[in-house]
Amino acid sequence: ATTRRDADSNIVGVVGVAQDVTESSKNDRAIAAMAHELRQLVDTANAPIFGIDVNGNVNEWNNKTAEITGFTKEEAFDNPLVTTFIVPSLRQSVQEVLENALRGIETSNYELEFETKSKEIRYLLVNATTRRD
C-alpha cells in the first residue's frame with residue numbers, strides 16, 4: 001500500500017496493488033498434502049527405509065528400520081551410517097556401495113549386516129539408490 005498525496009503533499013488516500021495468488025496457493029497446498037502423504041508412506045512402510053546425506057550421516061530412518069535395529073529415528077539421525085550401524089567386516093564394501101550411489105551408480109540386492117542396539121546382527125537385502133533434490 002502506498003499513500004496518495006495532493007499537490008500540497010497532504011495524504012488524501014491510499015493505493016493498494018494486489019496480485020491474485022489463488023491458484024498458486026492451491027498448488028502449494030496440494031504439494032504440501034502430497035509431501036505429507038509421501039512422508040507417511042515412508043514412515044509406515046513394511047520395509048526398512050534408511051538414507052544418508054552426502055557425508056554419510058543418517059538423514060532417513062523409518063519406523064520399520066527403528067523396529068529392526070532397536071535404534072529410534074532420533075538416536076540414528078546425524079550419525080555415520082557405516083561406522084555406527086554396519087558390522088566392521090563389511091564397512092569398507094558398504095561404504096563403497098554408498099559412495100557409488102552418491103555418484104549415481106546404483107546397486108540392487110546388496111546384502112549387509114546391521115548391528116542392532118542389543119548387539120544382534122540383522123541381515124538386510126538393500127537397494128542403494130541415488131536420492132536427488
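The values are calculated or read from the model by the stated rules, or taken from the named source; none is laboratory data. Everything numeric here is computed off the predicted structure, so don't read it as measured data. Ideal geometry is used to build each Cβ from the backbone, glycine not excepted, and the neighbour counts take in all protein chains shown. We work out accessible area using only protein heavy atoms, side chains counted, and drop any ligands, DNA or RNA first. Shrake-Rupley method; radii C 1.70, N 1.55, O 1.52, S 1.80 Å.
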Over the range 19-46, the set of residues over 16 Å from the mean Cα position of the chain (by Cα) and either within 30 Å of residue 82 (Cβ to Cβ) or in contact (Cβ under 8 Å) with a residue 40 or more places away in the chain (or both) is 46
Considering residues that are in contact (Cβ under 8 Å) with a residue 40 or more places away in the chain and more than 19 Å from residue 119 (Cα to Cα), the number found within the range 61-100 is 1
With the checklist (1) modelled with pLDDT of 90 or more; (2) open to solvent by 60 Å² or more (accessible area, probe 1.4 Å) in hand, flag the one item residue 21 doesn't pass.
(1)
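Let's see how each residue does on (1) over 21 Å from the mean Cα position of the chain (by Cα); (2) of a type outside the set (A, V, I, L, M):
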position	(1), (2)
4	yes, yes
12	yes, no
17	yes, no
54	no, no
60	no, yes
67	no, yes
73	no, yes
82	no, no
So, in the range 100-124, exactly how many residues are surrounded by fewer than 11 Cβ atoms within 10 Å (Cβ to Cβ) and either among the hydrophobic types (A, V, I, L, M, F, W, C) or assigned to a strand (DSSP E or B) (or both)?
5
I'd like the full set of residues that are open to solvent by 50 Å² or more (accessible area, probe 1.4 Å) and farther than 18 Å from residue 130 by Cβ, limited to the range 48-77.
63, 67, 72, 73, 74, 75, 77
